[in-house]
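One structure is given here, and the rest of the page talks about it.
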């Protein structure tokens, strides 16, 4: 099939590359000429395991193309995916200006029947707006062309996106046209050779499914983090509680690990956008508001522990920070807990020496840019030299089995704040560390 993917961010690039992997002719389009030129040279704008090699392979095989020509890509496509950003507005709603700008371009350029697919995470009712925008352009041109709008939300996990796309646990398609539905079924057929995971429904239900899924996962995280706060106060151990409840098949172990808050491009934005939608329709989303409030507070838990241990004035203190990205296997720092923790420490006079395997460039150029109290190093042990304490924020694999003797030699004080509860408290005491976890008194 001939496919255009408009937007080469995380969702657009992964989708385009994986469709090309199955032999489709894919054109990934972006208005950022520098980004497109870099992609042609094999320079990938994001870190995602396996993405760079697959991009280069498909580009060399000429199943994958990159372009800034939106009009040309649309004219040659049977399916056009809208995969541009939907940033959060000041009121918490999803900003659809980029989505509707693409819809306008489609209406201006299309010359034959086309299936327009909302791949961006968009609020319920967006497909209607996309359809109206395209139709308005066709009316202005004075042409009568058929098209369908489909909702196809993505459920990719950063750090495992390629595998998620190639081996999906479900593909959700919202469509009100049998013609469009069959085209989408044919497109995804190669991804379902062993199991049919194709789920069709009406468009608004598909749009809602994405938000409901992310809200449910965020709820599990905030619930567990709230339990961790109660555990600390009553003298229970959240790690043991997690094992106790996770063994219940109705609950399971996924997303019930206590930590210093969720971040990323999806959960914070989607929870707030869904809450805003609910309020717009006259419903007070009490659970969603609570999920967001708990997460906001949780991002201050580790810095509060540091303050309790070292005092409110941290002038002259240096803290090593392991992990900047919001989760392992990505360089994404959007809404990362590390930002809150580092800014809170440095605002109290502390210096921070940070290490992350992939996200240092993102921190330097965007998320912590201008914070002169933060420096960056190229190894986890280098960050520890003469630091007053270590704060572990992101659970990268290379942090799971460190040399504790080496850590003690490098740190000024053997003080360890573990924001992901990676280790056993009793064992850490035997190693000689003053060790702080979340949800453990």
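The values are calculated or read from the model by the stated rules, or taken from the named source; none is laboratory data. Quick caveat, the model's predicted, so the values are computed rather than measured. Virtual Cβ from ideal backbone geometry, glycine too; neighbours counted across all protein chains shown.
Total residues in the range 406-420 satisfying the condition of being touching a residue at least 12 places away in the same chain (Cβ under 8 Å), in a helix (DSSP H, G or I) and farther than 18 Å from residue 354 by Cβ: the figure is 2. Here residue 435 fits the description: surrounded by fewer than 21 Cβ atoms within 10 Å (Cβ to Cβ), closer than 16 Å to residue 322 by Cβ and either under 32 Å from the mean Cα position of the chain (by Cα) or assigned by TED's automatic domain parsing to the domain that holds residue 337 (or both).
Please count how many residues of the range 252-279 are closer than 14 Å to residue 94 by Cα and touching a residue at least 40 places away in the same chain (Cβ under 8 Å). Looking only at that region, the number is 13. The condition of being over 18 Å from residue 1 (Cβ atoms) and under 23 Å from the mean Cα position of the chain (by Cα) does not hold for residue 130. Residues of the range 290-311 that are touching a helix residue (DSSP H, G or I) at 6+ places or on another chain (Cβ under 6 Å) and more than 22 Å from residue 322 (Cβ to Cβ): 291, 292, 294. None of 424, 441 is modelled with pLDDT under 95, assigned by TED's automatic domain parsing to the domain that holds residue 329, farther than 15 Å from residue 317 by Cβ and surrounded by fewer than 16 Cβ atoms within 10 Å (Cβ to Cβ) except 424. Evaluate the following for residue 341: is it in contact with a strand residue (DSSP E or B) (Cβ under 7 Å, 6 or more places away or on another chain) and without any contact (Cβ under 8 Å) to a residue 40 or more places away in the chain? Spelling it out, it is not the case that residue 341 is in contact with a strand residue (DSSP E or B) (Cβ under 7 Å, 6 or more places away or on another chain) and without any contact (Cβ under 8 Å) to a residue 40 or more places away in the chain. Every condition in (1) surrounded by fewer than 20 Cβ atoms within 10 Å (Cβ to Cβ); (2) assigned to a helix (DSSP H, G or I); (3) over 22 Å from the mean Cα position of the chain (by Cα) holds for residue 284 except the one numbered (2). Scan the range 212-258 for residues that are at negative phi, in a loop (DSSP other than H, G, I, E, B) and in contact with a helix residue (DSSP H, G or I) (Cβ under 9 Å, 6 or more places away or on another chain) and the total you get is 7. With respect to being touching a helix residue (DSSP H, G or I) at 6+ places or on another chain (Cβ under 9 Å) and closer than 15 Å to residue 322 by Cα, residue 407 fits the description. Could you list, in sequence order, the residues of the range 382-404 that are within 26 Å of residue 263 (Cα to Cα) and free of Cβ contacts under 8 Å to residues at least 24 places away in the same chain? Across the range 382-404, the qualifying residues are 400, 401, 402.
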